[in-house]
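Peer 1: This is the structure I want to talk about, given as structure tokens.
Derivation of every value follows stated rules applied to the coordinates shown; laboratory data play no part. These numbers come from a predicted model, not from an experiment. We place every Cβ from the backbone using ideal geometry, glycine too, and count neighbours over all the protein chains shown.
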Amino acid sequence: MGNSISRRTLLKRGALLAGGLPFAASLLDQVQASPAITHPGTLSAPYAEAWTEKTIALNAPVPLKARLFANENPFGPCDKAKKAIMDACPTAYQYPFRSMPELTKKIADFEGVKEENILLASGSSPLLMAAALYYSRPGGNVITGDPSYEDLPSKAVRMGEKWVKVPLTAEYKLDLDAMEKAIDANTGLVYVCNPNNPTGTVVDTAKLKAFVERVSKRVPVFVDEAYIDYLPDPQGTTLIPMANSNPNIIVARTFSKLYGFAGLRLGYVVTQPDIIKNLTLHTEAFMSISATTLAGAIATYQDREYLDGALKKTLASKEYLYEVLKKEGYTYVPSSANFVLFPIKMEGKQFTDEMMKRGVGVRFWKFNNQEWCRVSIGRMDEMEAFATAFKEIS
């Protein structure tokens with residue numbers, strides 16, 4: 001290693017600088033050592049979401065008829081983004097010092113916030129990690145719904161936090177009342193994924209805003225809006241205006257879903273400048289985004305013609321999936337996102353293995369003493385491939 005400064009060393013130094021956390025280095029050692037994931041769908045395993053989807057992708061047959069396990073947008077990125085990316089290639093040897101502020105300003109203008117309230121990164125994952133690092137402390141806890149997206153809380157667990165999982169309501173929505181009651185003196189963060197993953201459900205906007213207003217007076221609230229672009233009225237649902245004025249609220253967004261940038265990696269948070277300064281100590285945000293990704297994002301940001309078209313095709317594929325499930329005698333959880341969760345009649349791994357044998361990749365879960373399958377919404381040809389395989393084993 002010599003005199004080189006590794007990324008791991010920089011992270012440790014950043015963690016130590018943030019509030020004088022004497023235990024940060026040892027905790028980051030734990031984060032570096034990922035435990036083996038026994039098999040897909042195990043909610044209790046840290047990093048299960050990311051590692052399971054990676055495992056599925058690496059073991060999938062080539063070609064795969066239907067890639068329906070990762071909640072990607074198969075219709076993107078749009079042509080404008082592709083052209084901008086190609087145009088940016090000749091100068092991609094340059095650091096994108098000007099592109100970052102340009103995109104930040106576009107987002108700030110649209111959302112009605114100041115540029116200093118926005119922190120960009122290569123996807124939302126580095127920002128979830130930064131929040132887990134900053135808000136974790138020995139003996140503390142993070143509160144989430146159960147099941148919900150695992151990235152942030154699973155990382156907090158690896159740093160010594162307790163993960164308080166609050167069961168969903170009978171409608172498979174986040175139980176905000178129960179989550180509020182679970183807060184105690186040791187709570188470091190409340191994590192809200194809305195729409196929720198893997199259920200695809202969304203909570204009432206007025207109730208969520210009231211919940212966040214109350215809870216943020218006691219503890220920080222991290223609101224993950226990865227799937228908000230699939231809602232009929234994202235601007236009327238988002239909590240970004242609250243994060244713009246409340247010092248204890250963080251709202252995360254990603255380009256990985258409706259924009260089709262999952263492989264290009266781009267996300268951001270909106271919060272107060274002081275929080276951004278603290279999060280920046282735990283992430284390489286500014287230098288983590290490629291020039292080509294920024295060029296594509298600038299070209300396609302709020303391109304309503306493309307976004308509305310991709311949403312229309314997603315909704316059509318989802319309605320097709322609903323009909324397939326109903327015809328085969330299955331129920332499902334009505335979804336406000338680009339995936340659908342439904343109960344299955346066999347063991348989850350067996351089900352996903354049988355689907356994979358037929359060239360269709362899906363995810364499974366187990367909760368409430370029931371086996372579940374989550375199907376990402378794909379192109380219509382992918383949904384037809386799912387239907388053919390599903391009918392053979394249902």
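Peer 1: Can you tell which of Ile289, Thr205, Leu189 lies farthest toward the positive end of the dipole of segment 170-326, using +1 and -1 charges on the Cβ of basic and acidic side chains (Lys, Arg; Asp, Glu)?
Peer 2: Among Ile289, Thr205, Leu189, the one farthest towards the positive end of the dipole of segment 170-326 is Ile289.
Peer 1: At 1.002 mPa s and 20 °C, plugging the Kirkwood radius over alpha-carbon pairs of the chain into Stokes-Einstein gives what diffusion coefficient in µm²/s? Present the calculation step by step, with values, prior to reporting the outcome.
Peer 2: On the way: Rh = 21.7 Å.
Diffusion coefficient, whole number: 99 µm²/s.
Peer 1: Now for a different question. For Thr300, Thr199, what's the fewest-to-most ordering of other Cβ within 10 Å of each Cβ?
Peer 2: Details: Thr300 24, Thr199 28.
With the fewest neighbours first, Thr300, Thr199 line up as Thr300, Thr199.
Peer 1: For segment 79-300, what log10 I(q)/I(0) values come out of the Debye formula at q = 0.08, 0.15 1/Å, with one point per alpha carbon and no solvent?
Peer 2: Reported log10 I(q)/I(0), two decimals: -0.28, -0.95.
Peer 1: I would also like to ask the following. By the scheme Lys and Arg +1, Asp and Glu -1, what is the net charge of all other residues having a beta-carbon under 11 Å from that of Ala252? Write down the numbers at each step before the final one.
Peer 2: Numbers: positive: Arg253; negative: Asp151, Asp224, Glu225.
Once all neighbours under 11 Å are counted, the net charge is -2.
Peer 1: A follow-up question, please. If each residue's Cβ is checked for other Cβ atoms within 10 Å, how do Phe386, Phe342, Phe110 rank with the fewest at the top?
Peer 2: Numbers: Phe386 27, Phe342 17, Phe110 12.
In order of increasing Cβ crowding within 10 Å: Phe110, Phe342, Phe386.
Peer 1: How far apart, in nm, are two points set 7 Å out from the Cα along the Cα-to-Cβ line at Glu328 and at Asn186?
Peer 2: In this crude label model, Glu328 to Asn186 measures out at 4.3 nm.
Peer 1: Please tell me which of these pairs span more than 30 angstrom C-alpha to C-alpha: Lys80/Lys165; Lys162/Lys209; Lys326/Lys366; Lys173/Lys312? Each step should come with its number before you reach the end.
Peer 2: On the way: Lys80/Lys165 42 Å; Lys162/Lys209 26 Å; Lys326/Lys366 21 Å; Lys173/Lys312 24 Å.
Beyond 30 Å between Cα atoms: Lys80/Lys165.
Peer 1: Here's a follow-up. What is the distance in Å between the Cα centroid of segment 215-236 and that of segment 290-353?
Peer 2: 20 Å
Peer 1: Equivalent-ellipsoid semi-axes (√(5λ), Cα gyration tensor) for segment 72-152, whole Å, largest first? Could you put the intermediate results ahead of the total?
Peer 2: Working: eigenvalues 199, 63, 41 Å².
That gives 32, 18, 14 Å for the three semi-axes.
Peer 1: Let me ask something else about it. Is it possible to state the helix-based mean residue ellipticity at 222 nm for the chain, with each DSSP H run of 4+ residues giving -39500 (n - 2.57), the sum divided by total residues, to the nearest 500 deg cm²/dmol? What is it? Write out the running numbers ahead of the final one.
Peer 2: On the way: 16 runs with 165 residues, N = 394.
Value at 222 nm, helices only, nearest 500: -12500 deg cm²/dmol.
Peer 1: How many angstrom separate the Cα center of segment 98-132 from the Cα center of segment 242-273?
Peer 2: One Cα centre to the other: 6 Å.
Peer 1: A further question on this structure: Mind jotting down a quarter of the surface of the convex hull over the alpha carbons of segment 199-299, in square nanometres, one decimal?
Peer 2: Working: hull surface 29.9 nm².
Taking a quarter of the hull surface, the average projection is 7.5 nm².
Peer 1: Moving on to the next point. Counting pairs of Cα atoms in segment 249-394, how many percent are more than 18 Å apart?
Peer 2: Values: 6949 of 10585 pairs.
Considering segment 249-394, 66 percent of its Cα-Cα pairs are separated by more than 18 Å.
Peer 1: What ranking do 154-167, 252-265 get when scored by the average of other Cβ atoms within 10 Å per residue, highest first? Numbers along the way, then the final one.
Peer 2: Numbers: 154-167: 20.1, 252-265: 22.6.
So the order, starting with the most tightly packed, is 252-265, 154-167.
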